[in-house]
Amino acid sequence: MTADGPPFRLLPRLDADNRFFWTSGADGRLRFLRCRACESFVHPPAPRCPQCLSEYLTPEAVSGRGVLESFTLNVQQWVPGADPYIVAWVSIDEQSDVRLTTNLVGVEPDDVRIGMAVKVTFEHDDDVYLPLFRPAGGGA
């Protein structure tokens, strides 16, 4: 975050394959493709399931809860005046091998712990809802 608001972000380009993911936050739900043949979640969006090669993938909402697998504190000021921010690698509760590289918000860097429970929150910018995560249940 900067003193004047959120950091400058390059927004993803929306297309037919990823639009569901980047706009699903409009209703506060995080969605991933799910294979209807083997029930695996698929991320990033792909035309086939990497587990069984089925083409029958449909978006499905998940709980929005996960686990912080790893993180780093970025202190490089890519934009003048930007504050440090936490880059996080989060696995979702429904399938631990589905992971997002995201930002962790609502927590001080000294309070972040690998393995902490997190929940999704969305930052709305233009047509995109960026999935960010914050501590679930008040912290670590």
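The values are calculated or read from the model by the stated rules, or taken from the named source; none is laboratory data. Everything quoted here is computed from the prediction, not taken from an experiment. All Cβ positions, even for glycine, are placed from backbone atoms using ideal geometry, and neighbour counts span all protein chains on display.
Anything in segment 96-122 that is touching a Lys or Arg at 6+ places or on another chain (Cβ under 8 Å) and either closer than 21 Å to ARG19 by Cβ or of a type in the set (A, V, I, L, M) (or both)? List them, or say none. Let's see the steps before the verdict.
Start the filter on segment 96-122 by keeping residues that are touching a Lys or Arg at 6+ places or on another chain (Cβ under 8 Å), which leaves 104-107, 117-121.
Across segment 96-122, the qualifying residues are LEU104, VAL105, VAL107, ALA117, VAL118, VAL120, THR121.
Of all the numbered requirements in (1) at pLDDT 95 or above; (2) buried (at least 17 other Cβ atoms within 10 Å of the Cβ); (3) more than 16 Å from ASN18 (Cβ to Cβ); (4) of a type outside the set (S, T, N, Q), VAL128 misses one, and that requirement is (3). Would you pick out the residues in segment 96-136 that are within 23 Å of SER24 (Cβ to Cβ) and either among the basic types (Lys, Arg) or part of a loop (DSSP other than H, G, I, E, B) (or both)? Listed by number, the residues that qualify are ARG99, VAL105, GLY106, LYS119, ASP126, ASP127, ARG134, ALA136. Take segment 95-118 and flag every residue that is buried (at least 17 other Cβ atoms within 10 Å of the Cβ) and of a type in the set (D, E, K, R). Across segment 95-118, the qualifying residue is only ARG99.
State yes or no: is SER24 surrounded by 15 or more Cβ atoms within 10 Å (Cβ to Cβ), in contact with a Lys or Arg (Cβ under 7 Å, 6 or more places away or on another chain), touching a residue at least 60 places away in the same chain (Cβ under 8 Å) and not charged (D, E, K, R)? Answer is yes for this residue. A residue that is among the hydrophobic types (A, V, I, L, M, F, W, C), under 23 Å from PHE133 (Cβ atoms) and touching a Gly at 6+ places or on another chain (Cβ under 9 Å) cannot be found anywhere in segment 32-53.
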